[in-house]
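Readers should treat all values here as calculations from the given coordinates under stated rules, not as data from a laboratory. Keep in mind that this is a model prediction, so the values were computed, not measured. So basically every Cβ, Gly included, is an ideal-geometry build from the backbone, and we count neighbours across all protein chains shown.
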Amino acid sequence: MYRIIKIDGTELGITDSVTYIKISESGSYVNATEEDAIGVAFNSEPYNLIGHEDIEGADTVVVSKTDGGSMVYEQQNLVDELILAALEV
């Protein structure tokens, strides 16, 4: 899993796979390899990758690989705690 984080620290979300993009000769966004990418598309929005400013008006993001299993485990523990707290009331 991957976290998409703006450079101001705002987390945009989590995704199973990253859609890397570049600008084609016609000016449209096309899929790219990680090495050729200037940005990523997340929730149908283009974002610049750090070190690129090719996408006008787009925020810059960092793509961070994360362990999805540990995230699910942490969320499950939180849900369990909330259920137990509600049952004790």
Subject >> Residue in the stretch 54-89 that is surrounded by the fewest Cβ atoms within 10 Å (Cβ to Cβ), counting only those that are assigned to a loop (DSSP other than H, G, I, E, B), within 18 Å of the chain's Cα centre (by Cα) and of a type in the set (D, E, K, R) >> reply: D67
Subject >> Tally, over the stretch 64-89, of residues that are closer than 16 Å to T19 by Cβ and of a type in the set (S, T, Y) >> reply: 1
**OP:** Select from the stretch 1-11 the residues that are among the acidic types (D, E) and assigned to a strand (DSSP E or B) and list them in ascending order.
**Re:** E11
Original post:
Is it the case that G39 is out of contact with any helix residue (DSSP H, G or I) (no Cβ under 7 Å at 6 or more places or on another chain) and exposed (fewer than 10 other Cβ atoms within 10 Å of the Cβ)?
Top reply: no
Subject >> Filtered residues of the stretch 1-11 (kept if free of Cβ contacts under 8 Å to residues at least 24 places away in the same chain and either surrounded by 11 or more Cβ atoms within 10 Å (Cβ to Cβ) or not acidic (D, E) (or both)) >> reply: G9, T10, E11
Subject >> Set V61, V40: member being in contact (Cβ under 8 Å) with a residue 40 or more places away in the chain and either of a type in the set (A, V, I, L, M, F, W, C) or over 12 Å from V18 (Cα atoms) (or both) >> reply: V61
Subject >> Subset tally (residues that are part of a loop (DSSP other than H, G, I, E, B), surrounded by 11 or more Cβ atoms within 10 Å (Cβ to Cβ) and not small (G, A, S)) for the stretch 12-33 >> reply: 1
Original post:
When both residues are 6+ apart or on different chains and their Cβ atoms are under 6 Å apart, which pairs have a first residue that lies in the stretch 43-54 and is in contact (Cβ under 8 Å) with a residue 12 or more places away in the chain, and a second that is surrounded by 10 or more Cβ atoms within 10 Å (Cβ to Cβ) and part of a loop (DSSP other than H, G, I, E, B)?
Top reply: P46/I55; P46/A58; Y47/A58; Y47/D59; N48/I55; N48/A58; H52/I38; D54/I38
Original post:
Of all the residues that make up the stretch 34-45, how many are out of contact with any Phe, Trp or Tyr (no Cβ under 6 Å at 6 or more places or on another chain) and in a strand (DSSP E or B)?
Top reply: 3
